[in-house]
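What follows is a set of notes on a single structure, which appears directly below.
Only the coordinates and a few stated rules stand behind these numbers; no lab work does. Values in this document were obtained by computation on a predicted structure and should not be read as measured data. We place every Cβ from the backbone using ideal geometry, glycine too, and count neighbours over all the protein chains shown.
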Amino acid sequence: MKNLTKKTVLTIGAGLFLLYLCIHFWPTVASFAGTVLSAASPLFVGALVAYIVNLLMRRFESWWFPRSKKKFVLKTRRPICMFLSYLSFFVVVALVLWLVIPQLISCIRLVIGVFPQWMESTVAFFQRNHIFEGELLSFLAGINWDQVTDTLMSFFTSGLGDIMTFVIDTVAAAVSTVVNTFLSFIFSLYFLFEKDKLLRGSKRLAAALLPEKGMRYCLYFFRVFHESFRGYIIGQSVEAVILGLLCAIGMLIFRFPYVAMISALVAFTALIPVAGAYIGAIVGAFMILTVSPLKAILFLVFIIVLQQLEGNLIYPKVVGTSLGLPGLWVLAAVVIGGGIMGILGMLIGVPFAGALYRILKDFVNEREKTKPALTAEPKENA
């Protein structure tokens, strides 16, 4: 207590008072925080895009005349490598969308067209083989499936409320999305152009606000999180490309339909650990089901075998132990991250958990050095 100064007491009191205000006026505080976060979403998305593109840009900078000391090369290295990085990023995204969306739309149209005949054939199969006999089968046989399909289509096209309101809301949402996307792109450009100045400024600000020990801890935390996210993004991207190529080769060998679309979808969803490849497999099996139910079942068997091969041989070699997370932590990170932030939470949950796991591991190792008696094996009584 003797070390408490007047300034410390005032700081603690002010912090407790602010905490009381936040708890007492929580609905207002939460609404205000949500508004601020929503308004700043282009800034956060831009920072995320800049971080991902920066990994590509650093690779291009290491290839673009790295030993040259010419003024022209030094002056143009950053803009040229940035342009190549963004071009690569947008080409990959556009290629995935071009491969997936058109065939997915055509598949949905095909399903809508054949759904009535498929249901009638299923009911006839049940009747021939005396499956589900009784009221349930009579009820299914009495349904006009063409009318059910028309009703569903009518609901989705005109049953969503007043058509003008729906169109206006859709246009407003589209314009807002376009504006936010453009602003995010501008912010990402600024972050990459000024990343050296931003890093220097951030270090100076942290050094001015934090003591020397706090500064070391701050730099340590940022380094651990950066290494975890960088290793995860690079390793998972390479692993997803390999999985997509193997899926395409296998589908060509077994003559499955929709090779390009399903392979691209499996590679893209493989960025989500544990469950990603299976998500793509379910969508792919649904599409193949419109062509052949037998091939859909064989495709699921093929994906399960491929996933086991990838998980036991390819993933450990490509991603390695960069994260060092046990399997239970990976599964928990995917489930908790997905529950909090959806797909984005699944993507960032694993590297975030990997960073926390490394910090806790370093902390435990450090404590064991200072207190060896706590972890020493008990001696047996003579």
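Just a few scattered comments:
- For TYR51, TYR232, TYR220, order by how many other beta-carbon atoms lie within 10 Å, fewest first: TYR220, TYR51, TYR232
- Here the gap between ILE234 and LYS69, fully extended at 0.36 nm per residue and compared with their Cα-Cα distance, gives a gain of 56.5 nm.
- If R0 is taken as 22 Å, the Cβ-Cβ distance between THR76 and PHE182 corresponds to a FRET efficiency of 0.30.
- Using a Förster distance of 30 Å, the FRET efficiency for THR370-LEU19 (Cβ separation, nearest 0.05): 0.35
- Cut-off under 5 Å, modelled amide H: who pairs with TRP64 long-range: none
- Translational diffusion of segment 212-366, µm² s⁻¹ [Kirkwood Rh, Cα pairs; Stokes-Einstein; 4 °C; 1.567 mPa s]: 77 µm²/s
- Annotation: extensible slack from LEU294 through LEU55 equals 81.7 nm (criterion: 0.36 nm per residue apart, minus Cα-Cα distance).
- Ordered by the number of other Cβ atoms lying within 10 Å of each residue's own Cβ, fewest first, PHE229, PHE25 fall into the sequence PHE25, PHE229.
- Once the Cβ-Cβ distance of ASN312 and LYS203 is raised to the sixth power relative to R0 = 35 Å, the FRET efficiency obtained is 0.25.
- Using the Karplus relation 6.51 cos²θ - 1.76 cosθ + 1.60 with θ = phi - 60°, the per-residue 3J(HN,Hα) values for segment 73-79 come to 5, 5, 7, 9, 4, 5, x Hz, with x marking Gly and Pro.
- Segment 180-253: equivalent-ellipsoid semi-axes (sqrt of 5 x gyration tensor eigenvalues, Cα, Å): 38, 19, 8
- Ordering TYR258, TYR278 by the number of other Cβ atoms within 10 Å of each residue's own Cβ, fewest first, gives TYR278, TYR258.
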